[in-house]
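Values quoted throughout were computed directly from the atomic coordinates according to the rules given, and no laboratory measurement underlies them. This structure is a prediction, so every number in the text was calculated from the model and none was measured. A quick note on method: Cβ atoms are made from the backbone with ideal geometry, for glycine too, and the neighbour counts reach across all protein chains shown.
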Amino acid sequence: MDNLAFIAEDEGFELIDYNPHDNSPGFTKLIDELSIRKLIEAGKTFTFLNKNIKLIFINEKMDAEDKLYALAHELGHIRCGHLKNGVHQTSVQEEVAANEFAHYLLHPPVSYKLKKWSSVHKSPIIVSLVIIMIAVIAMVIIHQVTLENSYYGEYYVTASGERYHEKDCITIKDKDNVRRLTQEDIDSGKYTPCQICLPE
Ligand SMILES: [Zn+2]
Ligand SMILES: [Zn+2]
C-alpha cells in the first residue's frame, strides 16, 4: 500500500481516506464544492482531478486488500490518461483497462518475474532448475486461466439494456436476463455506466 501511495503522490495526487458518514463541516463543504456527494454516499473509490485539485478518495471502511486493489485501479486510470475534468465518467473499456492495470501491478506475470530474476542472476541456469521452472510455469498458467475471467472486474448487463452495472446493483437484482459483461460487449462500445450503482 505504501508503494502505491508513493506512486500516487509522485503523480501529484493526495489520498483521502474518507468515512462515508463523515458529517463534519469541512468534509461536507469539500464534497459539495466538488459535487461528489453521490459517490461519497455510495462509498466509492474514485479520483477527482481538475487544474488545481488532484485527489484520490478511498473509503476507509474497506478492508486492506480491497483498498490496495482500488488504489491500483485508480492508478490505472491516471497512468492510462483516462481522467479529464472533475469526476470523469469512464467507459467500460476504460474500467476494464484499469482493472487489468491493477491486476498486473499486483500480480506481475511470470515472464516479467523471470526476466527480472535472470537479469539479477547472470550465471547460466542449471538444467534441473529449468525443469523446476517449467513445472512452476505450467502451474501458474493453469492458475492464470482460472483467473482470466476475474481480473476484468465483475460487470453485468441485461439483454436489452445499454448500461453496465456492479454485481449488486438494485436495478438488475430482480431481472432474470442478467449476464456477465463479455469481451464482445466491451468491444461493442455500446455500454455506458449505470447512474444508480456508478461502476467506477
Ligand atoms: Zn446499476
Ligand atoms: Zn474505474
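Tabulated results
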{"quantity": "Selection count, the stretch 156-188, where residues are away from ligand 2 (no atom under 16 Å from the Cβ) and of a type outside the set (S, T, N, Q)", "calculated": "17"}
{"quantity": "Check on VAL110, farther than 25 Å from CYS194 by Cα and touching a helix residue (DSSP H, G or I) at 6+ places or on another chain (Cβ under 6 Å)", "calculated": "yes"}
{"quantity": "The stretch 1-41: number of residues that are surrounded by 14 or more Cβ atoms within 10 Å (Cβ to Cβ), under 19 Å from LEU198 (Cβ atoms) and touching a residue at least 60 places away in the same chain (Cβ under 8 Å)", "calculated": "1"}
{"quantity": "Residue check, PHE46 touching a helix residue (DSSP H, G or I) at 6+ places or on another chain (Cβ under 7 Å) and surrounded by 11 or more Cβ atoms within 10 Å (Cβ to Cβ)", "calculated": "yes"}
{"quantity": "Complete set of residues in the stretch 34-64 that are of a type in the set (D, E, K, R) and within 12 Å of the chain's Cα centre (by Cα)", "calculated": "LYS44"}
